[in-house]
Amino acid sequence: MADIIPPVEVDPVKGDNTPPVVTPPKGDENNDKMNEMIALQMKTFQENLMAQFDGDFKEKLSKLESDKSELEEKKQRLVVMEALRESNLDSSLIDFVYDKDIEISKVKMKQLGDIIAIEVQKGVFDRFKKSSYTPPSDNGGGFSAPGKEKPKYFV
């Protein structure tokens, strides 16, 4: 331990405003301790930095995955809307026929188209029934002239 030199300190009373200069002690024992402390601090710093990086990475990765699934759903909705247009159905019906599987969506579109066609046909028949003309009956088969008899060839 003969190599250790005590630090030199300046007396602040003498009017010297410079900070005291401390020279590190020399010697292998102190250098080993310093190297151990530096290595420990570096290891702690690296662990903290990796933990922070890992947390940020996982957060960004989960956001990326959620954005990807949202994009896939929007893409699927566009495909279903295009299929609705091809089926001559209104695109506002997408909420009724949308499914993640396009084949299921096509089956739903077919069923909805069949239901709409049946209901339209019923509406048309009902309207014809309401507005159709039914001639009055004369109990004689439709030939009514005053004072005339029905000819024999009319049955």
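Throughout, read-outs are computed from the coordinates displayed, never taken from laboratory work. Just so it is clear, the structure is predicted and the values come from calculations on it, not from any experiment. We place every Cβ from the backbone using ideal geometry, glycine too, and count neighbours over all the protein chains shown.
Remarks
- Two-site FRET efficiency, residue 152 against residue 132, from Cβ-Cβ distance with R₀ of 41 Å, rounded to 0.05: 0.85
- Here is the tail figure for region 25-126: Cα pairs spaced more than 16 Å apart come to 73 percent of all pairs.
- Using 0.36 nm per residue and subtracting the Cα-Cα separation, the extra length available between residue 33 and residue 107 on full extension is 19.0 nm.
- Förster radius 30 Å - calculated FRET efficiency between residue 116 and residue 70, Cβ distance, rounded to 0.05: 0.45
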